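To keep things clear, I will list the structure first and then write my remarks on it.
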Amino acid sequence: MARKPNSTKECVENVDHSRVLVSEKGRAATILNPERSIVRRILIDNCLITMGPRCDWVISVKDRLDILIELKGKDVSHAVDQLAATLAIWQEHHLRDRQIPMSALVVC
């Protein structure tokens with residue numbers, strides 16, 4: 001039986017750190033935020049999206065940029081598939097600010 005997605009509240013954290021960290025299984029990415037803008041750190045994998053291929057995180061810098069992040073071991077091709085699948089969902093998601101550009105990052 002498929003698990004229901006968690007509520008948005010459980011998956012989204014608003015922070016204003018100068019360095020926004022996301023990590024999983026020993027891999028990490030740090031997004032610099034020297035202006036200490038409001039940043040939404042959104043856990044995608046098994047939180048906002050629980051079925052199908054999906055990336056690990058979205059970092060949304062208020063009024064600037066959304067970054068889809070996949071923290072991967074070695075299989076970069078699979079990471080690209082996960083990012084593409086998430087992108088299709090994220091483009092239409094109610095949390096997405098359609099006025100700002102998107103980017104993607106694979107850490108491997």
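The values are calculated or read from the model by the stated rules, or taken from the named source; none is laboratory data. Since this is a predicted model, take the numbers as computed values, not measurements. Cβ coordinates were reconstructed from backbone atoms using ideal geometry, including for glycine residues, and neighbour counts include every protein chain displayed. Heavy atoms of the whole protein, side chains included, go into the accessibility calculation; ligands, DNA and RNA do not. Shrake-Rupley method; radii C 1.70, N 1.55, O 1.52, S 1.80 Å.
Tabulated values for the structure
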{"quantity": "Unique match (being more than 12 Å from the chain's Cα centre (by Cα) and of a type in the set (S, T, N, Q)) among 37, 60, 103", "calculated": "37"}
{"quantity": "Complete set of residues in the range 21-56 that are among the hydrophobic types (A, V, I, L, M, F, W, C), under 20 Å from residue 99 (Cα atoms) and at pLDDT 95 or above", "calculated": "39, 42"}
{"quantity": "Which numbered condition residue 17 misses (of (1) at pLDDT 95 or above; (2) open to solvent by less than 70 Å² (accessible area, probe 1.4 Å))", "calculated": "(2)"}
{"quantity": "Unique residue being open to solvent by 60 Å² or more (accessible area, probe 1.4 Å) and acidic (Asp, Glu) when the list is 63, 97, 45", "calculated": "63"}
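Okay, residues lined up against (1) touching a Cys at 6+ places or on another chain (Cβ under 8 Å); (2) without any contact (Cβ under 8 Å) to a residue 40 or more places away in the chain:
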| site | (1), (2) |
| --- | --- |
| 9 | no, yes |
| 18 | no, yes |
| 23 | no, no |
| 34 | no, yes |
| 39 | no, yes |
| 42 | yes, no |
| 50 | no, no |
| 72 | yes, no |
| 87 | no, yes |
